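> Mind looking over this structure? Questions follow.
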Amino acid sequence: MTDPDRTAPEEVMWTGRFITAKKRGKWEYVGRARGIHAAVILAIDDTDDGPHVLLVDQYRVPLGRRCIELPAGLVGDEEEGEEAGIAAARELEEETGFRPDRLESLGQFYSSPGMVSESFTLFRAHGLEKTGAGGGVDEEDIHVHRVPLATLPDQIAIWREQGYAMDVKLLLLLGTGMVA
C-alpha cells in the first residue's frame, strides 16, 4: 500500500532565507531553501593518549538550550554550487580549530524524515591538524569538546544532567562501530 498523499501536489506555504514550509496532502514539513543541504563531520583525533571525538555545543533557539552535536554546517548557503567536502572541511576548522588531511564521505542521511526533507552528507575526517581555537564565526558561540571515546557514554550522561540537548547523530558513536 502506498500513501495516498504521495502524488498530491506540493504547496509552498512559506519561504525564508534558509527554510521553506511545505504541504503535500495532509503532510506538513519543512525543507531547506535554495537547494541548501548540510555536511556533518565525524572527527576522531587518534593520538598517543587514545582516540578522542571532536564535539561542539551551541545554543539552539528551537530547543531553548545548548545542544551537544557533531560539527556541521550548511553547504551552499553562501556560495551556490559549493561542494559538500569543501564545506565540511571549512566548517570543521571554523567550529573546532582542526583541519582534516582528508575527508571520507559516508553517504547521505535524513535526520527526521517525517517532518523535514533536509538531508546531510556525513563525512569521516582523517589526519586532523590543530590550527586554532575553533568556536565558529561571527557570534556563533560554539564550545569545542575533545572527548575520549572510552568515556563518551559517561560524558553524555553528565551533559544530560546539566540540561544539554543531544543531537540524534551522536548515536553514531554509541555502539555502532562506525568510529573504528
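> Tell me whether region 36-59 contains one or more residues that are within 26 Å of Ala165 (Cβ to Cβ), open to solvent by 30 Å² or more (accessible area, probe 1.4 Å) and among the hydrophobic types (A, V, I, L, M, F, W, C).
no
> Follow-up question, since we're still on this one. With the requirement that a residue be out of contact with any His (no Cβ under 9 Å at 6 or more places or on another chain), open to solvent by 60 Å² or more (accessible area, probe 1.4 Å) and in a strand (DSSP E or B), what does region 101-149 give you?
Passing the criteria: Ser105, Phe109, Tyr110, Glu129, Lys130, His143.
> Consider region 1-46. How many of its residues are in contact with a helix residue (DSSP H, G or I) (Cβ under 8 Å, 6 or more places away or on another chain) and not in a strand (DSSP E or B)?
5
> With Val144, Val116, Val168 as the choices, which residue is in contact with a helix residue (DSSP H, G or I) (Cβ under 7 Å, 6 or more places away or on another chain) and among the β-branched types (Val, Ile, Thr)?
Exactly one residue qualifies, and that residue is Val144.
> Condition test on Glu79, is it in a strand (DSSP E or B), among the charged types (D, E, K, R) and either out of contact with any Cys (no Cβ under 7 Å at 6 or more places or on another chain) or touching a residue at least 40 places away in the same chain (Cβ under 8 Å) (or both)?
no
> Need pairs with beta-carbon distance below 6 Å; first residue closer than 20 Å to Val30 by Cα and within region 107-130, second open to solvent by less than 30 Å² (accessible area, probe 1.4 Å) and in a loop (DSSP other than H, G, I, E, B); sequence gap 6+ or separate chains.
none
> Looking at region 18-42, which of its residues are at negative phi, among the basic types (Lys, Arg) and modelled with pLDDT under 90?
Result: Arg32, single match.
The values are calculated or read from the model by the stated rules, or taken from the named source; none is laboratory data. What you are looking at is a predicted structure, and each value in this text was computed from that prediction instead of being measured. All Cβ positions, glycine included, derive from the backbone under ideal geometry; neighbour counts span all protein chains shown. Heavy atoms of the whole protein, side chains included, go into the accessibility calculation; ligands, DNA and RNA do not. Shrake-Rupley method; radii C 1.70, N 1.55, O 1.52, S 1.80 Å.
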